[in-house]
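The values are calculated or read from the model by the stated rules, or taken from the named source; none is laboratory data. These numbers come from a predicted model, not from an experiment. With ideal geometry, Cβ positions are generated from the backbone for all residues, glycine too; neighbour counts draw on all protein chains shown. With ligands, DNA and RNA removed, areas are computed over all heavy atoms of the protein, side chains included. Shrake-Rupley method; radii C 1.70, N 1.55, O 1.52, S 1.80 Å.
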Amino acid sequence: MTALPDWVRPPRAEGWFAEDLDRLPEAPRHTELIDGALVFMMAPQRSWHGRLVTALTTTLTAQAPAGFEVEREMTIRLDARNRPEPDLLLTDLPYDPDRTWYAPEDVKLVIEAVSPESAHRDRTVKLRKYAEAGIPHYWCIEDEDGAPVVHVYELDEPTGAYAPAGIFRGTLQRPVPFEVNLNLDRLTPPRSNQKVSTKSARMEEGSDASESDPS
């Protein structure tokens, strides 16, 4: 069994703290901190996920009014022991090239694109933690046969929990956190039928050859 590198071992009995992430140059990209434990993205990223996040970044940046910035893959310091990294966030802070994290009060919208590896955290753990931190809007995007489906949540301030605000397919129109109008079907390329067509063509060729064989 391969020994763990020294940097993986927590520096204290309580585990890791949020500020420790800035002192871990050996850690893989997209390392998160959840309840004092490091969380690594071990599975390769799917093309669907990457295309979706890239298209959303471009589209939301174009629609965001002055005073808002769209950030991709930046951590949020929810508290001393939690520093998740959402796929996208919307902030009203100005661009700072040296920034490595945001405080929750500066985040207006968090977006997570669900992958098989992150599904439980995105749907339950992060849903609860983002709400407890007071982030007003959360979008959780699922892959439904290649098409993005957006589950939208809005913070209910009296309870401090997220309330479902709709499930969107095809198009998404929302008045908050700013006027958003998305054609969801254009955020990812359609699934290719090339392999299916090629297989069908080969089967037809084989059938034609059998019929023409005099033996």
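Some observations on this one:
- Every pair of residues 6+ apart whose Cβ atoms lie under 6 Å, when the first sits in region 150-178 and is assigned to a strand (DSSP E or B) while the second is charged (D, E, K, R): A163/E154; A163/D156; A165/E154
- Y130 vs. criteria of a type in the set (F, W, Y), open to solvent by 20 Å² or more (accessible area, probe 1.4 Å) and either closer than 21 Å to L60 by Cα or not in a helix (DSSP H, G or I) (or both): no
- Hey, L109 open to solvent by less than 10 Å² (accessible area, probe 1.4 Å), more than 16 Å from L52 (Cα to Cα) and over 11 Å from the mean Cα position of the chain (by Cα) or not: yes
- None of V53, V39, V8 is over 14 Å from the mean Cα position of the chain (by Cα) and crowded, with 17+ Cβ neighbours inside 10 Å except V39.
- Among the residues listed as E19, E112, E14, the single one being assigned to a loop (DSSP other than H, G, I, E, B) and either under 19 Å from G134 (Cα atoms) or acidic (D, E) (or both): E14
- Search result, residues across region 136-152 that are among the β-branched types (V, I, T) and within 12 Å of the chain's Cα centre (by Cα): I141, V150
- Identity of the residue in region 11-36, closer than 21 Å to R72 by Cβ and aliphatic (A, V, I, L, M), that ends up surrounded by the most Cβ atoms within 10 Å (Cβ to Cβ): L33
- Among the residues of region 115-125, the ones that are part of a helix (DSSP H, G or I) and either farther than 18 Å from D143 by Cα or open to solvent by 50 Å² or more (accessible area, probe 1.4 Å) (or both) come to 4 in all.
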